[in-house]
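Here's the structure we're looking at; comments come further down.
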Amino acid sequence: MSTIEFNDLLVGNSDFLKPFAFTLTRDNEEAKDLLQETLYKALANRDKYNVGTNVKAWMYTIMRNIFINNYRRKSRQQTIFDNTPNEFLINHTQTAVPNTAEVNLRLKDIKALLHKLPDIFRNPFEMYFEGYKYNEIAQTLNEPLGTIKSRIHFARKLLKEQMTRF
């Protein structure tokens, strides 16, 4: 196969690689870079292509391998090693004492604001805060799921507005 025929074969099949590149990267610019690097590797390794084999599968394999190698390289580069000596922290005793009085005062204020909410918002919000799931709240209160979600949302919104006034 001549170089011109091989180049035409690659360019003709490169359109099929664009969606695959985007599904791998989830970014349009990175997908373009991946496609360009795939075509470069395919051209550079023209001698390894066996005439008559599926060129799409060959190019998909090249692209997938490039993506995996780049992913591994990025994950290694983002690793942070802390080589500082930690002798001070090992023998350090904790002297800070949490201030529970301030937390209790804030919690008391939040509970007071919560009790000022209308029952229609307060009941679903309290159940959600206690750990019930949306479906369980909807079944218990005999309301549609969307209604429960919106009431919890509005309860949060009202509480947030009242909290900013403090």
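Observations on the structure shown:
- Residue in the range 40-51 that is small (Gly, Ala, Ser) and modelled with pLDDT of 85 or more present: yes
- Taken residue by residue, the range 123-143 has no member that is at pLDDT 90 or above, surrounded by 13 or more Cβ atoms within 10 Å (Cβ to Cβ) and basic (Lys, Arg).
- Options Ile90, Ile120, Ile110, Ile68: the member that is more than 29 Å from the chain's Cα centre (by Cα), surrounded by fewer than 16 Cβ atoms within 10 Å (Cβ to Cβ), at pLDDT 85 or above and among the hydrophobic types (A, V, I, L, M, F, W, C): Ile120
The values are calculated or read from the model by the stated rules, or taken from the named source; none is laboratory data. Predicted model only: the values in this text are computed from it and were never measured. Cβ atoms come from the backbone with ideal geometry, glycine included; neighbour counts cover every protein chain shown.
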